[in-house]
Amino acid sequence: MTIAVGDKLPTATFKEKTADGPVEVTTEQLFKGKRVVLFAVPGAFTPTCSLNHLPGYLENRDAILSRGIDDIAVVAVNDLHVMGAWATSSGGMGKIHFLSDWNAAFTKALGMDVDLSAGTLGIRSKRYSMLVEDGVVKTLNLEESPGQATVSGAAAMLEQL
């Protein structure tokens, strides 16, 4: 079953690499009592994710936060070190959360997992964005194709805020 608007996010623990080292981030810590924009990518460093999806959120970070958003996070089925390297190389370290869903537990609990083994990526996340208020999904934007970042992009999210 896929998560829908009005649903509460499942409980999960992510790994995040910070300037102070690796930390665990729970869904409760990230979402409780906050308005958070969460977007998911099939993989760090992949073309659409690195050239389109992530840059849009980094470029529009201040505009998004100015609309009453407390935090922005990106989640991918990648390990902590890959997500940390992506945060550093993109200039996003400390600006948004780069969450490692290393075992796809969160992604599977949302019903957003996809098998991209044919493209040598294995089990990954579908590309989406959502506005989450106090742990509850308020908007959900799911891409039809993993190679697109239009309905889940920062510009589309800004229009919804």
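The values are calculated or read from the model by the stated rules, or taken from the named source; none is laboratory data. Predicted model only: the values in this text are computed from it and were never measured. Cβ: placed from backbone, ideal geometry, glycine included. Neighbour counts: every protein chain shown. For accessibility, only protein heavy atoms count, side chains too; no ligands or nucleic acids. Shrake-Rupley method; radii C 1.70, N 1.55, O 1.52, S 1.80 Å.
Here's the yes/no breakdown for (1) open to solvent by less than 20 Å² (accessible area, probe 1.4 Å); (2) in contact with a strand residue (DSSP E or B) (Cβ under 6 Å, 6 or more places away or on another chain); (3) modelled with pLDDT of 95 or more; (4) closer than 19 Å to VAL36 by Cβ:
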{"residue": "MET83", "(1), (2), (3), (4)": "yes, yes, yes, yes"}
{"residue": "LEU99", "(1), (2), (3), (4)": "yes, yes, yes, yes"}
{"residue": "PHE106", "(1), (2), (3), (4)": "yes, no, yes, yes"}
{"residue": "LEU110", "(1), (2), (3), (4)": "yes, no, yes, yes"}
{"residue": "LEU121", "(1), (2), (3), (4)": "no, no, no, no"}
{"residue": "ARG127", "(1), (2), (3), (4)": "yes, no, no, yes"}
{"residue": "LEU131", "(1), (2), (3), (4)": "yes, yes, yes, yes"}
{"residue": "VAL136", "(1), (2), (3), (4)": "no, yes, yes, yes"}
{"residue": "VAL151", "(1), (2), (3), (4)": "no, yes, no, yes"}
Open item on the list: Considering only residues that are within 13 Å of the chain's Cα centre (by Cα) and within 21 Å of ILE69 (Cα to Cα), which ones fall in the range 120-148?
Closed with: ARG127, TYR128, SER129, MET130, LEU131, VAL132, LEU140, ASN141, LEU142
Open item on the list: Checking GLY94 against (1) over 22 Å from GLU24 (Cβ atoms); (2) open to solvent by 50 Å² or more (accessible area, probe 1.4 Å); (3) among the small types (Gly, Ala, Ser), only one condition comes out false. Which one?
Closed with: (1)
- [ ] Check whether at least one residue in the range 9-27 is in contact with a strand residue (DSSP E or B) (Cβ under 9 Å, 6 or more places away or on another chain), part of a loop (DSSP other than H, G, I, E, B) and surrounded by 15 or more Cβ atoms within 10 Å (Cβ to Cβ), and report yes or no.
- [x] yes
